[in-house]
Every structure is written in structure tokens, then in C-alpha cells.
Amino acid sequence: MNQEQIKTLIDALAASDLCELEYSENGSTLRLVKQSTLVAAARRRRAALVAPDDTVPAAAAAECLAPMYGVVHLQPTPGEPPFVQAGQAIEAGRTLCVIEAMKVFNEVRAERDATVQEVLVGSGQEVEAGQPLFRFE
């Protein structure tokens, strides 16, 4: 499977109503899942865990979720300071971490201005798609 075939499969999934696509060739299998489906499922699972009487302010409940499965890196390279730390004010678009998947490094960026309340993962940790990475105030 080459990069051009993978790109074609990604484009085909994006243009379709499918939420998942799996393709096998020469003993290798590629499984693609639309991010929005995984993130929505994770949010529904978390919402089901909160009892109706529990009230969580919207600002306290804001989280950054992993867009894909992979290994999270909280700093650009070993020995350098982390991209962000708890208590730090950040602007929309700021790199929060990098997730390595299939030897590709994917930046995870802040969707809005916020303050990092808590870093929920450790550098080098494997994360699942939809898993909370950061909590914001």
C-alpha cells in the first residue's frame, strides 16, 4: 500500500456517508474511522456517566480529546519544555501536543482561548481516539 492509495481511500471515506473503512492488501490492513464519529461516541459515553443531578460548569467541563489513536508527545523533543503546562493561558491554534501514528506526527491544537487546568496524559503514553488529553478552565 503506498501513500497515494492511502490518500485515495481517505478521500473516498471523507466523501461518503460511511463512518469507517477497512482495506487489506498483501497482508497489511488499513482501517480508517471518521474522527467526528469517534469523538461524538466518547462524548456520549462521558455524558452517560454524569448523573442528571450533577452540575458541571461548562468552562470546567471543557476538554481536548485525542483525534486518533497513537503515542502522545507533550514536548517538541526530549529535554525541551512541554508545549503547554497546567495553569498556562493559551490562545486558539496553539500546539498542545503531538500524536504519533504510523510514524506521522500530528499536531493537536487548541480550538479556543483557554487556561490549561490539567494535563491528563503523560508523554510517551498511548492514547485512544476520543480520550481526554487536557482539561481547560
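The values are calculated or read from the model by the stated rules, or taken from the named source; none is laboratory data. If you're wondering where the values come from, they're calculated on a predicted model, not measured in any experiment. Glycine gets a Cβ as well: all are built from the backbone with ideal geometry, and neighbour counts include every protein chain shown.
Select from region 104-119 the residues that are in a strand (DSSP E or B) and more than 14 Å from Gln88 (Cα to Cα) and write down the one among them that is nearest to the chain's Cα centre (by Cα).
By that ranking, first place goes to Val108.
For the list (1) modelled with pLDDT of 85 or more; (2) in contact with a Leu (Cβ under 8 Å, 6 or more places away or on another chain); (3) surrounded by fewer than 11 Cβ atoms within 10 Å (Cβ to Cβ), I need the number of the one condition that Ala110 fails.
With respect to (1) modelled with pLDDT of 85 or more; (2) in contact with a Leu (Cβ under 8 Å, 6 or more places away or on another chain); (3) surrounded by fewer than 11 Cβ atoms within 10 Å (Cβ to Cβ), Ala110 is out only on (3).
Quick check, is Pro82 within 30 Å of Arg31 (Cα to Cα) and either modelled with pLDDT under 95 or more than 14 Å from the chain's Cα centre (by Cα) (or both)?
no
Please give the number of the condition Ser36 fails out of (1) of a type outside the set (A, V, I, L, M); (2) at pLDDT below 85; (3) assigned to a loop (DSSP other than H, G, I, E, B).
So Ser36 meets the others, but not (3).
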